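The structure appears below as structure tokens.
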Amino acid sequence: MTLKILPNADLEPENATGADPELWKSQGDDPAFEIRFSPVRKKLLVLHMAATDEPIDPKFYINRGRGFHERDAISLPEAHRFIVTADVGAVGTICALRADPASFPTTFRFGIKAFSSAKSAEEYVTQLLNTGEKTERVDLGKLPRHWTKVPKLRFGKRAANLTIRYADANYRLAADLAPLPVSATAGTWLSVVVPVYNAPVRYLDDLIRSFNMQAEQGTELILSDDGSTSTETRQWYKSQPAADNIRLVLNERNGGIAAATNSGLSQASGRWIAFLDHDDVVAPHAFKLIRHTLEQNPDANFLYTDELVVDDTLKPTGVMLKPAYDSVLLSGVNYINHFSIYRHDRLREIGYLRTGYDGSQDYDLLLRYLEGLPEQSILHLPYPAYWWRRNGKTYSRKFMDAATTNARKALTERFERQQQPVQVEGALTKTLHRVVFEPPREWPKISIVIPSKDNFDLISRILHDLFEKTDYPNFEVLVVDNGSTDPAVLNLYERYRRSHQNFSAAVVPEAFNFSRSVNRGLSAATGEHSLILNNDVEVIDAGWLKEMVSCLAYDRTGIVGAKLLFPNDKMQHAGVVIGFGGLAGHWYLNKPKEFGGPMNRLHLRNTMTCVTGAVMLISGDCLRKIGLFDEENFAVAYNDVDYCLRAHKAGYRIIWTPFACLYHHESLSRGSDKSGERKKRFDQEKQNLRRLHATQNFADKALNPAYSRDKSDPRIVVPTRLFIPSMS
């Protein structure tokens with residue numbers, strides 16, 4: 001049998017002369033050999049792989065008659081040397097095996113032989129083991145030999161995936177954008193600073209090429225080398241032709257990313273500063289769009305863009321579509337990241353980057369830089385201006401524990417500067433962050449308002465859960481009942497009145513009007529803050545109310561909402577997006593409860609424009625300013641949306657938190673709105689929402705403009721126009 005070894009584009013022979021055919025070099029994060037053999041072949045394969053430097057982490061893809069898929073992959077733990085055996089059978093219609101020697105750029109040895117008998121194969125393995133090197137021996141066993149069904153042949157060129165179509169459309173639109181007259185960006189307006197350490201030449205070539213292709217006057221690129229020891233990198237510096245707008249800063253010793261970046265900053269002359277990693281590139285027309293935005297917003301203090309995620313060959317694999325600036329979300333994750341455009345004078349004021357925050361030095365810089373800036377001066381340009389090469393070798397991914405610790409140190413210091421003592425712990429994704437505010441000496445009194453009528457099972461459960469399963473120490477419960485006649489319910493109220501001084505139930509027979517019931521409760525409330533609570537909610541975790549009240553510690557917070565699940569553990573409420581279906585709707589409805597959403601946002605607190613009234617905490621200050629619910633226009637539906645929009649327009653922050661999680665047995669207490677008079681009323685309240693808040697044209701900043709507004713699970717929409725942010 002003749003074996004064919006087909007390396008992919010990430011691999012090349014280390015020795016160009018072929019003197020050592022087993023020595024290979026990986027230049028990316030996806031090197032792969034396809035091993036092909038004929039239908040009639042020797043049955044046993046023996047592969048050997050050995051690292052020449054750091055340990056390698058091989059992966060094998062088993063062909064089960066459907067090509068190579070991740071679900072058929074076998075990953076091996078890191079080691080320096082491997083011997084791998086596989087039984088492919090003497091005859092078969094499956095004639096290929098894939099071996100990925102490593103998931104990062106490195107140099108290694110790779111060899112393979114085929115044997116007809118187990119005896120001859122074992123003799124060869126013994127020979128390999130006699131070197132005395134520590135070796136991991138792995139047997140893949142009997143591999144599939146025959147197709148289970150004839151594979152379909154594909155004709156024609158495969159259509160570009162959605163990520164590529166989205167990016168290409170943006171770049172075409174940007175190319176056609178007419179430049180604005182230069183005023184705010186006259187002279188040297190942008191310095192791009194790149195800390196470099198032992199960068200492969202092809203990364204540096206890609207970076208330089210992407211910078212030169214911008215063709216924007218008034219920009220400069222500063223490469224600040226952090227004492228590179230790589231001969232390849234140092235030779236590249238010597239080979240570079242002189243250029244007025246590209247400068248090299250060669251630091252003699254290795255001081256770390258922060259020190260190298262600061263050294264480059266000291267040489268920067270631009271009014272604005274951007275940072276670029278040495279293995280990433282600038283997207284087409286990025287500077288043009290950034291400049292256009294700054295010209296339209298000369299008073300802006302900060303600008304950040306979206307990112308295209310690419311593989312080691314710069315092929316798009318995903319996109320980072322970010323929301324508008326959200327300091328609450330930023331306290332859980334550095335979602336801003338790249339491209340970040342800073343005013344140079346403010347960077348000087350805060351002292352550039354700080355050492356001692358390795359892996360999270362950019363997060364620390366962001367937190368300090370943005371602190372105290374007017375939020376309207378922080379702009380998000382929803383354009384994939386930065387190509388982030390994900391190769392698994394960045395500091396943060398290699399040393400995640402240290403990076404996470406340093407991120408939490410930076411967060412703790414940020415809140416301490418605001419005289420807010422906090423601890424920072426893991427969020428639902430453990431490498432992300434949950435800020436835990438120091439509990440007050442006395443928790444404020446919360447008035448819990450529950451509209452209800454009859455339905456003993458529901459009202460008895462929620463009252464039990466409040467008094468027996470909730471650990472909040474200071475609350476009152478006000479049940480506002482619009483006409484219960486069930487003796488069991490009326491007796492329940494009487495028992496709670498006798499046993500709990502902080503319970504009241506007012507029964508007033510009248511037509512159901514949720515807003516009126518809420519308003520009756522709010523008018524009678526004596527607490528510092530008020531919680532609107534449906535009677536069809538069930539408590540899961542005792543600390544839910546403490547978490548919601550704690551969120552009021554974020555600046556300007558007027559309303560807090562909780563994560564609600566259906567009884568089958570699917571998502572019922574993770575925030576409400578204004579504009580869905582021309583009205584408003586819950587996003588990611590019916591997703592699994594662990595679903596993280598884009599950038600794992602649903603594992604973190606977020607600023608939203610709206611949260612559901614099923615579990616809605618309203619601060620006393622917000623209630624006094626916004627007033628009561630609208631009984632006339634929103635008797636049953638959209639009253640929570642209306643209230644949140646009124647609060648949002650008045651400048652209050654609305655927060656959704658996943659750390660307060662409850663079950664919601666939605667609408668069990670009042671039935672459907674899909675027929676008869678209820679449908680007529682529902683349709684009228686839809687019209688009222690559009691009339692009062694123009695929701696059909698509302699651009700909710702919690703959602704990136706690239707996402708659709710037509711359904712709960714938003715999809716990426718290929719753009720037909722560019723979105724340029726404005727401070728107004």
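For Glu307, the conditions (1) outside any strand (DSSP E or B); (2) closer than 21 Å to Asp176 by Cα; (3) modelled with pLDDT of 95 or more are fulfilled apart from (1).
Within the set Ile724, Ile716, Ile654, the sole residue that is under 30 Å from Val436 (Cα atoms) and either touching a residue at least 12 places away in the same chain (Cβ under 8 Å) or under 34 Å from the mean Cα position of the chain (by Cα) (or both) turns out to be Ile654.
Filtered by the rule that a residue be in contact with a helix residue (DSSP H, G or I) (Cβ under 7 Å, 6 or more places away or on another chain) and of a type in the set (Ser, Thr, Tyr), the stretch 400-441 gives Thr429, Thr431. For the stretch 1-63, the strands (runs of 3 or more DSSP E) that sit wholly inside it and include 1 or more residues that are surrounded by 15 or more Cβ atoms within 10 Å (Cβ to Cβ) and among the aromatic types (Phe, Trp, Tyr) are 23-26, 33-36, 59-62. Restricting the stretch 329-350 to residues that are aliphatic (A, V, I, L, M) and assigned to a loop (DSSP other than H, G, I, E, B) leaves a set whose member that is farthest from Gly264 (Cα to Cα) is Val333. A single member of Thr313, Thr317 is surrounded by fewer than 22 Cβ atoms within 10 Å (Cβ to Cβ), hydroxyl-bearing (Ser, Thr, Tyr), assigned to a strand (DSSP E or B) and modelled with pLDDT under 95, and it is Thr317.
If only residues of the stretch 233-265 that are over 35 Å from the mean Cα position of the chain (by Cα) and basic (Lys, Arg) are counted, the one that is nearest to His278 (Cα to Cα) is Arg234.
I'd like to check something: does the stretch 547-560 contain any residue that is farther than 29 Å from Gln420 by Cα, among the polar types (S, T, N, Q) and in the same structural domain as Leu628 (by TED's automatic domain parsing)? Checked the stretch 547-560: no residue is farther than 29 Å from Gln420 by Cα, among the polar types (S, T, N, Q) and in the same structural domain as Leu628 (by TED's automatic domain parsing). Of Phe108, Phe104, all but one fail to be of a type in the set (Phe, Trp, Tyr) and crowded, with 20+ Cβ neighbours inside 10 Å; the exception is Phe108. If you check Leu589, Leu604 for being among the aliphatic types (A, V, I, L, M), touching a residue at least 24 places away in the same chain (Cβ under 8 Å) and more than 22 Å from Tyr335 (Cα to Cα), only one passes: Leu589. Count of the stretch 611-662 residues, restricted to those that are closer than 20 Å to Lys593 by Cα and not in a loop (DSSP other than H, G, I, E, B), is 10. Applying the criterion of at least 2 residues that are buried (at least 16 other Cβ atoms within 10 Å of the Cβ) and touching a His at 6+ places or on another chain (Cβ under 6 Å) to the strands (runs of 3 or more DSSP E) found wholly in the stretch 160-263 leaves 190-196. Among the residues of the stretch 679-700, those identified as touching a residue at least 12 places away in the same chain (Cβ under 8 Å), farther than 9 Å from Leu583 by Cβ and either aliphatic (A, V, I, L, M) or part of a loop (DSSP other than H, G, I, E, B) (or both) are Leu692, Phe698, Ala699, Asp700.
Condition (residue is surrounded by fewer than 20 Cβ atoms within 10 Å (Cβ to Cβ) and without any contact (Cβ under 8 Å) to a residue 40 or more places away in the chain) applied to the stretch 74-93: is it met by at least one residue? Scanning the stretch 74-93 turns up at least one residue that is surrounded by fewer than 20 Cβ atoms within 10 Å (Cβ to Cβ) and without any contact (Cβ under 8 Å) to a residue 40 or more places away in the chain.
Within the set Leu628, Leu623, the sole residue that is in contact (Cβ under 8 Å) with a residue 24 or more places away in the chain, more than 30 Å from Lys430 (Cβ to Cβ), more than 32 Å from the chain's Cα centre (by Cα) and surrounded by fewer than 18 Cβ atoms within 10 Å (Cβ to Cβ) turns out to be Leu628.
Say we look at the stretch 368-390 and pick out the residues that are within 23 Å of Ala258 (Cβ to Cβ) and under 18 Å from the mean Cα position of the chain (by Cα); which of these is surrounded by the fewest Cβ atoms within 10 Å (Cβ to Cβ)? Across the stretch 368-390, the extreme among qualifying residues is Arg390.
Filtered by the rule that a residue be assigned to a helix (DSSP H, G or I), over 37 Å from the mean Cα position of the chain (by Cα) and buried (at least 20 other Cβ atoms within 10 Å of the Cβ), the stretch 442-462 gives a lone residue, Ile459.
The set of residues in the stretch 280-306 that are touching a Leu at 6+ places or on another chain (Cβ under 9 Å) and among the charged types (D, E, K, R) comprises Asp280, Lys288, Arg291, Glu295, Asp306. Against the numbered list (1) in contact with a Lys or Arg (Cβ under 6 Å, 6 or more places away or on another chain); (2) part of a loop (DSSP other than H, G, I, E, B); (3) under 21 Å from Arg605 (Cβ atoms), Asp555 comes up short only at (1). Looking at Ile208, Ile222, just one residue is more than 23 Å from Asp299 (Cα to Cα), in contact with a Lys or Arg (Cβ under 8 Å, 6 or more places away or on another chain) and not charged (D, E, K, R), and that residue is Ile222.
The values are calculated or read from the model by the stated rules, or taken from the named source; none is laboratory data. Just so it is clear, the model here is predicted, and its values are computed rather than measured. Backbone-built Cβ (ideal geometry, glycine too); neighbour counts: all protein chains shown.
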